[in-house]
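Comments concern the structure below.
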Amino acid sequence: MQIAVTRGDSRVTPIDPAQFDDFDFHDGDRLAVLPAREAAKLPVTWGDRHVEISPGRAIRVPEQWKLFDFRTFRIPVHLITLTGAGPETLDLIGGAHLRNYENQMGLFPGMNFVDVGCGIGRDAFQLMDYLSPEGRYLGIDVTRDSIVWCQRHITPRDPRFSFHHFDAVNELYNPFGRRRTSDFRLPLPDASVDRIGLASVFTHLLEDEVLHYMREFRRVLKPDGRVHASFFLYSQAALQAARSAGTTAWAATFLHRLSKGVYANDPAYPRGAVAYDEETMRRLMQEAGLATDRPFVKGAWSGLFGDEAEEGQDAVILRRA
Ligand SMILES: C[S@@+](CC[C@H](N)C(=O)[O-])C[C@H]1O[C@@H](n2cnc3c(N)ncnc32)[C@H](O)[C@@H]1O
């Protein structure tokens, strides 16, 4: 298989998929996986075609390579899109995440921060100005292309920031993933982490995956550590409100029951959007040895909370029980 690159009116020599990470794509290059008949069999998510190069190494090939200039970085737009929003809101939403973390779990500049499901580093960009020289950030994600980009562009400029890939399967973010989320331990010693953020990540995880991460959080959190995890809180009232006042670009119906208290919006892509009812979220945190000191953060997604909404999704703030 090869990747054809068209720049302006001319075709650049086709590249081997193994060269993809190192190839100097230009803003505006158009990409096509060849031969087309083979390419048609490959999974496509968010318009990107997934090509497996070797076990544990798959790439996302967008139809067009576009770059967004942001704070001296040039970020591939197709990787920004995976956050669920576009380049124009990258700064705005990242800033809102930090404010929510600050208000709801507290942050401090010397903290050891872990960003699970960090994507293209939307929150890392914000933390660059916030962390002190002693502060540390670790980003974890199953989207290999985003992690490779962050490792190559963020870490060399700011070694306080490191990034780690988990090759766990997710039908939308990592369809060629060879292992399961529960196969991975956070690459951190016990009781070493001050703060953990998961911005719109439990919304893409199944019950066993949430429980596994919670158990890992219990292990790595310091005694006074905190976790901020946003999620969709399932209730009949929220779903009823979502029909008339919902704020998601997609219709939030959560009609498909995956397990007791866990619902998917789209059975074809269950991890596309997953919701948890209160009883299940509380049971999972208890099973993992975690607790919360405050009511769930009220999300705006369903419209249920009107002006009382505190952020886009609902969220839970966790500590060691
Ligand atoms: C909606 S995006 C949010 C990205 C980032 N938190 C942000 O706000 O910009 C969800 C992210 O979760 C990641 N993800 C999905 N399943 C995961 C898993 N099992 N472990 C870690 N990250 C995962 C996806 O690859 C994606 O980057």
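The values are calculated or read from the model by the stated rules, or taken from the named source; none is laboratory data. Nothing here was measured: the structure is a model prediction, and the numbers come from that model. Note that each Cβ is placed from the backbone with ideal geometry, even for glycine, and that neighbours are counted across all protein chains shown. To get the accessible areas, we keep the full protein, side chains included, count just its heavy atoms, and leave off ligands, DNA and RNA. Shrake-Rupley method; radii C 1.70, N 1.55, O 1.52, S 1.80 Å.
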- Query: Which of the lysines could a cross-linker span from K41 if the Cα-Cα distance has to be under 30 Å and same-chain partners fewer than 8 positions apart are dropped?
  - Reply: K66
- Query: If contacts are Cα pairs under 8 angstrom and at least 6 residues apart, what is the relative contact order of region 87-320 in percent?
  - Reply: 17 percent
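Quick one: which of 76-89, 33-46 comes out on top by average Cβ neighbours within 10 Å, and what's the full order, highest first? Don't skip to the answer; put the middle values down first.
Values: 76-89: 17.8, 33-46: 12.9.
Taking the mean over residues of other Cβ atoms within 10 Å, the ranking is 76-89, 33-46.
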- Task: Order the peptides 189-198, 96-105 from the highest to the lowest mean number of other Cβ atoms within 10 Å of their residues.
- Result: 189-198, 96-105
- Item | Summed side-chain charge close to H165 - residues other than H165 whose Cβ falls under 15 Å, Lys, Arg +1, Asp, Glu -1 | +1
- Got the relative contact order for region 85-195 handy, in percent, Cα pairs under 8 Å and 6 or more residues apart? 24 percent
- With a 1.4 Å probe and every protein chain kept in, tell me what percent of the accessible surface of the chain is carbon plus sulfur. 50 percent
- Message: Quick check: from the Cα gyration tensor, does region 92-132 come out rounded (a/c under 1.5), prolate or oblate?
- Response: rounded
- Consider a paramagnetic label point 7 Å from the Cα of D22 along Cα→Cβ; state which residues of region 152-180 have an amide N under 17 Å from it. 152-153
- Once the dipole of the chain is set up with Lys and Arg at +1 and Asp and Glu at -1 on Cβ about the Cα centre, which of L318, S302, H153 lies farthest towards its positive end? L318
- Message: If packing is taken as the average count of other Cβ atoms within 10 Å, what order do 115-121, 160-166 fall into, highest mean first?
- Response: 115-121, 160-166
- Task: Provide the per residue accessible area, probe 1.4 Å, for the chain, rounded to a whole number of square angstrom.
- Result: 44 Å²
- Task: Could you tell me how many degrees, from 0 to 90 and to the nearest 10, lie between the Cα long axis of helix 278-287 and the main elongation axis, the longest principal axis, of the Cα atoms of the chain?
- Result: 90 degrees
- Message: Let me spell out the model: positive unit charges on the Cβ of Lys and Arg, negative unit charges on the Cβ of Asp and Glu, origin at the Cα centre of the chain. What dipole size does that give, in debye rounded to 20?
- Response: 540 debye
- Farthest towards the positive end of the dipole of region 27-134, among A40, M128, T72 and with Cβ unit charges of +1 on Lys and Arg and -1 on Asp and Glu, lies the Cα of A40
- Item | Dipole axis of the chain (+1 Lys, Arg; -1 Asp, Glu on Cβ), positive-most option in A237, V142, A4 | V142
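Calculated FRET efficiency, R179 and E134, Cβ-Cβ r, R0 30 Å, to nearest 0.05? Don't skip to the answer; put the middle values down first.
Values: r = 34 Å, r/R0 = 1.12.
For R0 = 30 Å, the calculated efficiency reads 0.35.
Let me know the shape class of region 231-321, please: from the alpha-carbon gyration tensor, a ≥ b ≥ c as square roots of the eigenvalues, rounded when a/c is under 1.5, otherwise prolate if a/b is greater than b/c, or oblate. Walk me through the numbers before you get to the answer.
Details: a/c = 2.28, a/b = 1.26, b/c = 1.82.
Note, shape of region 231-321 comes out oblate.
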- Near K298, which aspartates and glutamates are there with a Cα under 19 Å away, not counting those fewer than 8 places off in the same chain? E102, D277, E278, E279, D307, E308, E310, E311, D314
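Is there a quick way to get the dipole size of region 102-181? I mean about its Cα centre, with the Cβ of Lys and Arg at +1 and of Asp and Glu at -1; what is the value in debye to the nearest 20?
Working: 9 positive and 10 negative charges, 68 e Å.
The calculation lands at about 320 debye.
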